[in-house]
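Take a look at the structure set out below.
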Amino acid sequence: MATVTERIERTLEQEAAAWGIRPVPPQHRKLSGLDFGVLWGDLAIGLLVLVTGAFLVPALGFPKALLAIGVGSVAGCIPLALVGLAGAREGVPGMVLFRPVLGVRGSYVPSVFNIVQLVGWTGFEFWAMSLVASRLFSSLSSYWLWLPVMVVVSTLLALGGPILVVRRWLERFGAWVVAGVAAWITIRILTTASLGSIWHRPGQGGLPFWLAVDLVIAMPVSWLPLVADYNRFARRGVSSAAGTFWGYAAGNAWFYSLGALLVLGAGLSDPSPAGIGQSIASLAGGWIVLLALLVGETDEAFADIYSAAVSSQNLGSRIPQRAAILLVSAAGTGLAVWLGLRRSVALGAYESFLFLMGSVFVPLFGVFVADYFLLRRRGRFTDAVYHPGPGRKSRRGLNSWAIAAWVFGFLIYQWSWTVPTGLHGWQSAMTTLFHRWLHLSYPLAESRWGASIPSFGAALLVYLALVWVTESRRRRRTSLSR
């Protein structure tokens, strides 16, 4: 029989699983820095990260690809840890963090973007896991039999909530199995491949170094809107930020490098989820290894589903979280069905999706870092944020300066490179804007600086400048009125 302590723990886990957008109370803040290291290390490991790592070579060559992976992992995980720190301090999810910055109605804009991207990620995860499993067990089942399995497992994890997933699933089983299997795959590649020829094989070009860094940054950046959804359950802010940084940076660098090695060392010619899966199965000893990786991939689908539901509550706090989880899972299933009916899915569309999300969220978090950390506008999550009255305009509606800085950073991202968003006519529109109308060299500096770092810095600096001008005018008016 369960002890009284165990019953209390389970009750608290159930309450925390469905916690809404208000600050998490102390009794639900149970996760330590080590817990976050396990969580974010596990979320950094997955089949889709291997696929993205495979994009880096043979364009760069292995030494340059490793450098891009290292730089991109650090650059992407610094803002990830900072936003996680803010979420732990304030105890609120990611989209709610934007209410004091963008205004209540202003925070609805990134919430909608986040829900759209997470439904997309959910469908893509369902599709990738089911496709790999069906190719691996082709004599036993098909894509259409595996899809419901992946959907049910991921949805149940999302209904369980972060504390249950971390404490009862990842730390007891899932994370260690995935890490052990990943270590075995790494050892097999390193012992069977000719490392000398891999190291000295020249790159074929076609991908500038800083754009490769952008491709690495894109993965941790894709988690920026989600990180506070989990770190709000932290006991302490600093330790949760450290666990987030080191856990995700280690996993991201490891699996990006592993994807590059699979191309160069294992002779991978098909850098798709199915191709990656077949390569791993043949290289590392069969289907059990790949099955363990599929178990780990369900954790990423869980995070996508759970955070989409939490983001929907920022649009309407009365939305039941569990009902939203089921709705997001159903939408992701519909997308996975559509992908499954297609004969082929262009991986270029996946790469374009990563860059598009980067162009939206990188400058947005530049604005947030400027407001929360540099201007030190903290501790503003009072009742006025959740029940706006006749007080500050930015709390009731839109903070126009923050929106302007965000849009400016987005345009800098687009200017920095001909970003393949996949939207029809987008490239032509950007060329017309920058080259023909503004008479600017397009792309900026021939893309030598990439897009993420210029975009983040531009949004941050423009917001600081706009706030400084506003405060200066306000002080001047105050002094004149005296």
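With a Förster radius of 35 Å applied to the C-beta separation of Leu341 and Arg318, the computed FRET efficiency comes to 0.45.
Computed over region 45-175, relative contact order equals 9 percent, with contacts defined as Cα pairs under 8 Å that lie 6+ residues apart.
Stretching the chain fully between Arg378 and Leu156 yields a gain of 76.4 nm (0.36 nm per residue, less the alpha carbon separation). Compared with the direct C-alpha span, the chain from Glu171 to Leu440 gains 91.6 nm at full extension, assuming 0.36 nm per residue. Highest mean packing first, where packing is the average number of other Cβ atoms within 10 Å per residue, the peptides 89-101, 232-244, 164-176 line up as 89-101, 232-244, 164-176.
Note the full-extension length gain between Arg236 and Ser142 as 0.36 nm times their separation in residues minus their Cα-Cα distance, in nm to one decimal. Write out the running numbers ahead of the final one.
Details: separation 94, 0.36 × 94 = 33.84 nm, distance 4.58 nm.
In short, 29.3 nm is gained.
None of the figures in this text is laboratory data; all of them are computed from the coordinates on show. Keep in mind it's a predicted model, so treat the numbers as computed, not measured. Note: ideal-geometry Cβ built from the backbone for every residue, glycine included; neighbour counts use all protein chains shown.
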